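Peer 1: Handing you this structure, nothing more for now.
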Amino acid sequence: MGRVGARVPDVFIFVQGYHILFSHTMLLILLTDAVVCFHLLFVAFVLGGGFLVLRWPWLMRVHIPCTAWGAIIEIGGWICPLTYLENHLRYLNRQAGYSVSFVEHYLLPMIYPDLWFPGGFPPWGFTIIGCGVLLINGMVYFYVWQRNT
(Lines give C-alpha, C1' and ligand atoms only; values in the text may rest on other atoms or scores of the structure.)
Protein backbone atom coordinates (compact mmCIF):
# COMPACT_ATOMS: atom_id res chain seq x y z
CA MET A 1 0.00 0.00 0.00
CA GLY A 2 1.11 3.52 -0.69
CA ARG A 3 1.50 6.19 1.87
CA VAL A 4 -1.37 8.52 2.70
CA GLY A 5 -1.40 11.54 0.45
CA ALA A 6 0.59 9.81 -2.29
CA ARG A 7 -0.45 10.83 -5.81
CA VAL A 8 -2.78 8.32 -7.38
CA PRO A 9 -2.94 8.39 -11.19
CA ASP A 10 -6.08 9.66 -12.88
CA VAL A 11 -8.52 7.11 -14.23
CA PHE A 12 -9.85 7.02 -17.77
CA ILE A 13 -13.25 5.49 -18.40
CA PHE A 14 -14.40 4.75 -21.92
CA VAL A 15 -18.14 5.11 -22.56
CA GLN A 16 -19.40 4.58 -26.11
CA GLY A 17 -16.34 6.08 -27.71
CA TYR A 18 -15.98 8.95 -25.22
CA HIS A 19 -13.02 9.24 -22.90
CA ILE A 20 -13.99 10.40 -19.43
CA LEU A 21 -11.25 11.46 -17.03
CA PHE A 22 -11.81 11.06 -13.30
CA SER A 23 -9.24 12.46 -10.95
CA HIS A 24 -8.38 10.77 -7.69
CA THR A 25 -10.19 13.56 -5.85
CA MET A 26 -13.34 13.15 -7.95
CA LEU A 27 -13.39 9.39 -7.37
CA LEU A 28 -13.09 9.89 -3.61
CA ILE A 29 -15.90 12.46 -3.64
CA LEU A 30 -18.13 10.09 -5.61
CA LEU A 31 -17.28 7.16 -3.35
CA THR A 32 -17.90 9.22 -0.21
CA ASP A 33 -21.26 10.40 -1.55
CA ALA A 34 -22.17 6.81 -2.47
CA VAL A 35 -21.43 5.68 1.09
CA VAL A 36 -23.57 8.51 2.51
CA CYS A 37 -26.44 7.64 0.13
CA PHE A 38 -26.21 3.95 1.04
CA HIS A 39 -26.18 4.91 4.73
CA LEU A 40 -29.30 7.05 4.26
CA LEU A 41 -31.07 4.24 2.38
CA PHE A 42 -30.12 1.80 5.14
CA VAL A 43 -31.52 4.13 7.81
CA ALA A 44 -34.72 4.61 5.77
CA PHE A 45 -35.03 0.82 5.36
CA VAL A 46 -34.58 0.29 9.10
CA LEU A 47 -37.23 2.93 9.88
CA GLY A 48 -39.80 2.07 7.22
CA GLY A 49 -38.91 -1.36 5.94
CA GLY A 50 -41.64 -2.94 8.03
CA PHE A 51 -44.17 -1.25 5.77
CA LEU A 52 -42.46 -2.82 2.75
CA VAL A 53 -42.94 -6.20 4.45
CA LEU A 54 -46.70 -5.62 4.21
CA ARG A 55 -46.33 -5.78 0.43
CA TRP A 56 -43.36 -8.15 0.10
CA PRO A 57 -43.27 -10.55 3.09
CA TRP A 58 -39.96 -12.10 1.99
CA LEU A 59 -38.24 -8.81 2.93
CA MET A 60 -38.80 -9.75 6.57
CA ARG A 61 -35.69 -11.97 6.38
CA VAL A 62 -33.58 -8.93 5.55
CA HIS A 63 -35.43 -6.27 7.51
CA ILE A 64 -35.44 -7.91 10.95
CA PRO A 65 -31.61 -8.17 11.19
CA CYS A 66 -31.23 -4.64 9.81
CA THR A 67 -33.72 -3.30 12.36
CA ALA A 68 -31.99 -5.16 15.18
CA TRP A 69 -28.64 -3.71 14.08
CA GLY A 70 -30.02 -0.16 13.86
CA ALA A 71 -31.68 -0.38 17.27
CA ILE A 72 -28.57 -1.86 18.91
CA ILE A 73 -26.38 0.88 17.43
CA GLU A 74 -28.73 3.63 18.67
CA ILE A 75 -29.53 2.20 22.11
CA GLY A 76 -25.95 1.10 22.75
CA GLY A 77 -24.54 4.47 21.74
CA TRP A 78 -22.18 2.82 19.26
CA ILE A 79 -20.99 4.22 15.95
CA CYS A 80 -22.01 2.50 12.73
CA PRO A 81 -19.14 1.11 10.62
CA LEU A 82 -20.46 3.11 7.66
CA THR A 83 -19.65 6.25 9.63
CA TYR A 84 -16.05 5.10 10.05
CA LEU A 85 -15.84 4.35 6.32
CA GLU A 86 -17.26 7.74 5.45
CA ASN A 87 -14.85 9.53 7.80
CA HIS A 88 -11.90 7.59 6.40
CA LEU A 89 -12.85 8.54 2.84
CA ARG A 90 -13.14 12.17 3.91
CA TYR A 91 -9.70 11.95 5.52
CA LEU A 92 -8.20 10.53 2.33
CA ASN A 93 -9.83 13.35 0.38
CA ARG A 94 -8.56 16.14 2.63
CA GLN A 95 -7.29 18.11 -0.36
CA ALA A 96 -10.63 18.15 -2.18
CA GLY A 97 -11.59 21.27 -4.08
CA TYR A 98 -15.08 21.44 -2.55
CA SER A 99 -15.66 22.08 1.11
CA VAL A 100 -19.03 20.25 1.16
CA SER A 101 -21.00 18.27 -1.39
CA PHE A 102 -24.71 18.21 -2.07
CA VAL A 103 -25.01 14.93 -0.20
CA GLU A 104 -23.05 16.25 2.77
CA HIS A 105 -25.14 19.41 2.96
CA TYR A 106 -28.62 17.89 2.56
CA LEU A 107 -28.44 14.23 3.58
CA LEU A 108 -26.03 14.15 6.53
CA PRO A 109 -28.38 16.04 8.89
CA MET A 110 -30.99 13.31 8.22
CA ILE A 111 -28.53 10.58 9.22
CA TYR A 112 -26.86 12.39 12.12
CA PRO A 113 -29.46 14.30 14.18
CA ASP A 114 -26.74 15.84 16.35
CA LEU A 115 -25.92 18.15 13.42
CA TRP A 116 -29.28 19.88 14.01
CA PHE A 117 -28.48 20.81 17.60
CA PRO A 118 -25.74 23.40 18.29
CA GLY A 119 -25.05 21.99 21.76
CA GLY A 120 -25.08 18.41 20.55
CA PHE A 121 -27.85 15.84 20.47
CA PRO A 122 -28.61 14.52 23.97
CA PRO A 123 -27.44 10.92 24.56
CA TRP A 124 -30.90 9.86 25.73
CA GLY A 125 -32.25 11.00 22.35
CA PHE A 126 -30.51 8.11 20.61
CA THR A 127 -32.13 5.68 23.07
CA ILE A 128 -35.52 7.14 22.21
CA ILE A 129 -34.77 6.79 18.48
CA GLY A 130 -33.74 3.14 18.95
CA CYS A 131 -36.83 2.34 21.02
CA GLY A 132 -38.99 4.15 18.46
CA VAL A 133 -37.55 2.00 15.68
CA LEU A 134 -38.36 -1.14 17.65
CA LEU A 135 -41.85 0.09 18.57
CA ILE A 136 -42.88 1.14 15.05
CA ASN A 137 -41.56 -2.00 13.42
CA GLY A 138 -42.93 -4.16 16.24
CA MET A 139 -46.42 -2.80 15.57
CA VAL A 140 -46.07 -3.47 11.83
CA TYR A 141 -44.83 -7.01 12.43
CA PHE A 142 -47.63 -7.63 14.94
CA TYR A 143 -50.10 -6.57 12.24
CA VAL A 144 -48.41 -8.88 9.70
CA TRP A 145 -48.52 -11.74 12.21
CA GLN A 146 -52.21 -11.10 13.00
CA ARG A 147 -53.06 -10.93 9.31
CA ASN A 148 -51.36 -14.27 8.62
CA THR A 149 -52.99 -16.17 11.50
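Peer 1: So Ala71 clears everything in (1) in a helix (DSSP H, G or I); (2) farther than 18 Å from Pro109 by Cα; (3) at pLDDT below 85 except one condition, right? Which one?
Peer 2: The failed condition is (3).
Peer 1: Something else about it: Look through Leu54, Leu30 and report the one residue that is out of contact with any Leu (no Cβ under 7 Å at 6 or more places or on another chain), under 28 Å from Phe142 (Cα atoms) and part of a helix (DSSP H, G or I).
Peer 2: Checking each option against the conditions leaves just Leu54.
Peer 1: I'd like the full set of residues that are more than 19 Å from Leu54 (Cβ to Cβ) and touching a residue at least 60 places away in the same chain (Cβ under 8 Å), limited to the stretch 128-146.
Peer 2: Passing the criteria: Gly130, Cys131.
The values are calculated or read from the model by the stated rules, or taken from the named source; none is laboratory data. Treat the numbers as computed from the prediction; the structure is a model and nothing was measured. All Cβ positions, even for glycine, are placed from backbone atoms using ideal geometry, and neighbour counts span all protein chains on display.
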